[in-house]
Amino acid sequence: MSEARRPRRPAMLDPRAADELPGDSDPALRQEVAHMTANVIVRQARAAEDPEVVDRLVRLVEAEGLDTVAAMWSDSPATTLPGALWRLYVLREWVRRDPHIVAERYRTGVVRAEVHDVVAGVASPPGPSDVSRVVDAVLSGVFTADLAIALERGAAFCRVLATGAAFDADHVEDRDVELAAHMTRGASGLVRTAEELEAAAALWRADRLE
């Protein structure tokens with residue numbers, strides 16, 4: 001991989017690890033580096049116990065770009081630490097870009113998913129700033145608190161949004177079948193992400209999330 005095409009170094013990534021970010025030619029090496037970078041970042045953040053470090057990591061995508069984070073972790077299986085981190089960062093990026101839509105979906109879904117709302121811990125009724133604060137708190141929890149609880153909180157957030165998306169799909173189906181199908185696929189994707197985060201949380205508790 002040439003220097004011109006090398007992804008920029010993540011803010012909390014060890015220089016040696018950053019220099020070893022592979023290209024597309026060696027999937028095994030990509031997975032090895034994905035695990036290494038995820039573990040290094042989480043371990044460094046927990047050791048530092050510094051709010052500024054945690055804030056920088058929460059905003060990693062904004063600082064380094066989604067493509068850079070994707071280059072590290074997007075190919076990782078869901079039931080791995082890099083795979084779980086990737087899903088949380090993608091979730092945060094969606095909320096950051098569309099906070100009004102996310103808040104509206106959450107308000108719709110929470111009526112039918114009250115148990116998951118309690119776990120997610122979103123203010124009621126939630127506004128755009130509230131859903132943004134929750135996903136930031138979820139990522140902060142990865143680096144400062146019980147990682148399993150952070151993953152389960154992210155999963156609960158996804159389940160409420162999935163419920164809201166499914167309800168919206170039913171509501172618009174008579175007017176726009178294509179849009180309803182798109183929203184239904186989105187709801188299914190959110191449920192799948194929730195299941196993956198819950199599985200990762202269980203593995204973390206069993207000391208098997210690698």
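The values are calculated or read from the model by the stated rules, or taken from the named source; none is laboratory data. Please read these numbers as outputs of a predicted model, since none were measured by experiment. Counting neighbours? That spans all protein chains shown, and the Cβs are built from the backbone with ideal geometry, glycine included. What goes into the accessible areas is simple: the full protein's heavy atoms, side chains included, and nothing from ligands, DNA or RNA. Shrake-Rupley method; radii C 1.70, N 1.55, O 1.52, S 1.80 Å.
Some values worked out for this structure:
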item: Condition check for ARG105: touching a helix residue (DSSP H, G or I) at 6+ places or on another chain (Cβ under 6 Å) and open to solvent by 10 Å² or more (accessible area, probe 1.4 Å); result: yes
item: Residues located in the stretch 30-54, provided they are more than 16 Å from LEU81 (Cα to Cα) and either touching a residue at least 40 places away in the same chain (Cβ under 8 Å) or in contact with a Pro (Cβ under 7 Å, 6 or more places away or on another chain) (or both); result: GLU49, VAL53, VAL54
item: Counted residues, the stretch 109-129 - those being part of a helix (DSSP H, G or I), open to solvent by 10 Å² or more (accessible area, probe 1.4 Å) and at pLDDT below 90; result: 7
item: Residue in the stretch 63-70 that is in contact with a Gly (Cβ under 9 Å, 6 or more places away or on another chain) and either of a type in the set (A, V, I, L, M) or surrounded by fewer than 17 Cβ atoms within 10 Å (Cβ to Cβ) (or both) present; result: no
item: Conditions (1) in contact (Cβ under 8 Å) with a residue 24 or more places away in the chain; (2) over 18 Å from the mean Cα position of the chain (by Cα); number of the one not met by ALA194; result: (2)
item: Close pairs (7 angstrom Cβ cut-off, 6 or more residues apart or separate chains): closer than 13 Å to ARG59 by Cα in the stretch 134-145, open to solvent by 40 Å² or more (accessible area, probe 1.4 Å) and part of a helix (DSSP H, G or I) anywhere; result: VAL138/ARG153; PHE143/ARG46
item: The stretch 71-97, residues that are open to solvent by less than 10 Å² (accessible area, probe 1.4 Å), over 9 Å from the mean Cα position of the chain (by Cα) and farther than 22 Å from LEU29 by Cα; result: VAL95
item: Search result, residues across the stretch 148-196 that are of a type in the set (Lys, Arg), part of a helix (DSSP H, G or I) and open to solvent by 70 Å² or more (accessible area, probe 1.4 Å); result: ARG185, ARG192
